[in-house]
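Participant: Input: one structure, supplied below.
The values are calculated or read from the model by the stated rules, or taken from the named source; none is laboratory data. Since the structure is predicted, the reported quantities are computational estimates derived from the model, not experimental observations. Quick reminder, even Gly has a Cβ in these numbers, built from the backbone with ideal geometry, and neighbours come from all protein chains shown. Just so you know, the surface numbers come from the protein's heavy atoms only, side chains and all, with ligands and any DNA or RNA stripped out. Shrake-Rupley method; radii C 1.70, N 1.55, O 1.52, S 1.80 Å.
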Amino acid sequence: QSTARFNWFTFADDHQQTYTSPPLISHIYTADPSAHLFNGKIYIYPSHDTATNTKESDNGDHFQMEDYHVFSMDSIGGKVTDHGIALRAHDVPWASKQLWAPDAAFSKGTYYLYFPAKDKEGVFKIGVASSKQPTGPFVAEKEPIAGSYSIDPCVFRDDDGSFYLYFGGIWGGQLQHWDNNRYDATAALRKKNEVAILPRVAKLAPDMKNLESAPLPIKITDSTGRLYNEQENDKRFFEAAWMHKYNGKYYFSYSTGDTHNIVYAIGDSPYGPFTYQGVILKPVDGWTNHHSIIQIGHKWYLFYHDTQLSGKTHLRNVKVMELKYNNDGTIQTLSASR
Ligand code: FUB
């Protein structure tokens, strides 16, 4: 185990919330932080970025992650503990490579790690692994979750105890190859004037290892109920789904990818539809933008990443800053600066 000290400060002016926060972890590269509060302690489930000679490409070939570490801290601003390797690609029977952004959930005494990886045919699927400890080590199922595909799983527990799996990512995340839950390797990205590809949601079965029903597309619309076109790429879904609930409403947030924002949309059901609201986090250093949102005590926090430590898009470092709501339930836009 190794630990890192965490210093944190913020400043704001009248026009926008601009935050400066240092990397939470600096002894290894970490990204895509999914944060959770389990038994009053903060756990972070990030990707573990590794140096690679693979050339950068729109398919994300340069993201060649091989394992996951889990981190914890007692409070925001407290010491961050690295609990070591929680799962290796090598130990996942069905996976070949690229352990991308994970998430975690707790149900009936067991912790579950959800993760995307390419299978032996090079197709992204979503796997699940379990442990009696939030820090692992996690033991992977022999096969990916039946009916799952693409990347960036987010598992959300609703107030009634039901769990939902949100997922999807276009370009390297391969969501463009899936229509009606069927794979078509030849399917292309949508044209600019076509309706954008939609993220997916499926309720999890009580065993947390299966889908209760087939994945459904999630509608994200403007205030008139119109779906966005591909060319509206400052609003349409790209990757990095996250779900949280605030004042009884469902907040679906995600990255717009090639326009580099984290944005959000609000709905009345975990299945949507969701109405676009605005930007949560403006572009950070590095191409990708990926986040999670949790409540700790009376405050809300945004976990995110940038490339402060390396200056390289595939070698990222996770960070955290406070998230604030306006009285009408909208979220104040954050702009991260070093
Ligand atoms: O970390 C690899 C990929 O980069 C993630 O799955 C995406 O969300 C992006 O952050």
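Participant: With Cβ to Cβ distances under 10 Å as the rule, what net charge do the other residues near E230 carry (K, R +1; D, E -1)? Each step should come with its number before you reach the end.
Facilitator: Working: positive: R190, K191, K192, R236; negative: E194, E232.
Taking every other residue near E230 into account, the sum is +2.
Participant: Where the only charges are on Cβ atoms (+1 Lys, Arg; -1 Asp, Glu), what is the dipole of the chain about its Cα centre, to the nearest 20 debye?
Facilitator: Once rounded to the nearest 20, the dipole reads 320 debye.
Participant: What's the Kirkwood radius of the chain in Å, using all Cα pairs?
Facilitator: After inverting the pairwise mean of 1/r, the radius is 19.8 Å.
Participant: Okay, next question. Principal axes first, then extents: for the Cα atoms of segment 91-153, list largest minus smallest coordinate on each axis, whole Å, largest first.
Facilitator: On the principal axes, segment 91-153 reaches 34, 20, 19 Å in Cα extent.
Participant: Label 7 Å along Cα→Cβ of L216; segment 265-292 residues with amide nitrogen under 14 Å?
Facilitator: 267-274
Participant: Please compute the net charge surrounding L198, taking Lys and Arg as +1 and Asp and Glu as -1 over other residues with Cβ under 10 Å from its Cβ. Could you put the intermediate results ahead of the total?
Facilitator: Working: positive: R200, K219, R236; negative: none.
In short, +3.
Participant: Roughly how many nanometres apart are two label points built 7 Å out from the Cα toward the Cβ at N39 and H298?
Facilitator: Roughly 2.8 nm, to one decimal.
Participant: Can you tally the net charge around C154? Count Lys and Arg as +1, Asp and Glu as -1, for every other residue whose Cβ sits under 14 Å from the Cβ of C154. The partial results should precede the final answer.
Facilitator: Details: positive: R157, R200, K203, K245; negative: D32, D103, D152, D158, E239.
Spelling it out: positives minus negatives among the neighbours equals -1.
Participant: Placing unit charges on C-beta atoms (Lys and Arg positive, Asp and Glu negative, everything else neutral), compute the dipole magnitude of segment 140-217 about its Cα centre in debye, rounded to 20. Don't jump to the answer; show the numbers that get you there.
Facilitator: Values: 9 positive and 11 negative charges, 74 e Å.
The dipole of segment 140-217 has a size of about 360 debye.
Participant: Also: Once R0 is set to 35 Å, what does the formula 1/(1 + (r/R0)^6) return for the Cβ-Cβ distance between K142 and D328, expressed as a FRET efficiency to the nearest 0.05? Could you put the intermediate results ahead of the total?
Facilitator: Working: r = 48 Å, r/R0 = 1.38.
Working from the Cβ atoms, E equals 0.15.
Participant: For segment 224-299, what class follows from the C-alpha gyration tensor (a ≥ b ≥ c being the square roots of its eigenvalues): rounded when a/c is under 1.5, otherwise prolate if a/b is larger than b/c, else oblate? Show your work: numbers first, answer last.
Facilitator: Details: a/c = 2.39, a/b = 1.14, b/c = 2.09.
Verdict is oblate for segment 224-299.
Participant: Per 0.36 nm of contour for each residue apart, how much would the distance between D74 and S269 grow if the chain were fully extended, relative to their Cα-Cα spacing? If you can, show how the numbers build up before the last one.
Facilitator: On the way: separation 195, 0.36 × 195 = 70.20 nm, distance 3.21 nm.
Gain in length upon complete extension: 67.0 nm.
Participant: By the gyration tensor of its Cα atoms, with a ≥ b ≥ c the square roots of the eigenvalues, what is the shape of segment 49-138: rounded for a/c under 1.5, prolate for a/b over b/c, or oblate?
Facilitator: Note, shape of segment 49-138 comes out oblate.
Participant: Rounded to whole Å, give me the distance from the Cα center of segment 161-187 to that of segment 257-280.
Facilitator: Taking the Cα centre of each part, segment 161-187 and segment 257-280 sit 18 Å apart.
Participant: Ignoring ligands, DNA and RNA, what percent of the 1.4 Å accessible area of the chain is carbon and sulfur?
Facilitator: On the way: 6450 of 14110 Å².
Reported share for carbon and sulfur atoms: 46 percent.
Participant: Any of K108/K209; K249/K299; K120/K209; K209/K324; K191/K312 with alpha carbons more than 23 Å apart? Name them for me. Mind dumping the intermediate values first?
Facilitator: Working: K108/K209 13 Å; K249/K299 17 Å; K120/K209 20 Å; K209/K324 34 Å; K191/K312 30 Å.
Distance filter (> 23 Å) returns K209/K324; K191/K312.
Participant: Something else now. With each label point set 7 Å from Cα along the Cα-Cβ vector, what nm distance links A188 and K120?
Facilitator: Taking the two extended label points, one gets 3.3 nm.
Participant: Which one of A205, F237, G225 is farthest out on the positive end of the charge dipole of segment 180-250, using unit charges on Cβ (Lys, Arg +1; Asp, Glu -1) and the Cα centre as origin?
Facilitator: G225
Participant: May I pose another question? Indicate the gyration tensor shape class of segment 155-265 (rounded, prolate or oblate), computed on the Cα atoms with a ≥ b ≥ c the square roots of the eigenvalues: a/c under 1.5 is rounded; otherwise a/b larger than b/c is prolate and the rest oblate.
Facilitator: Oblate.
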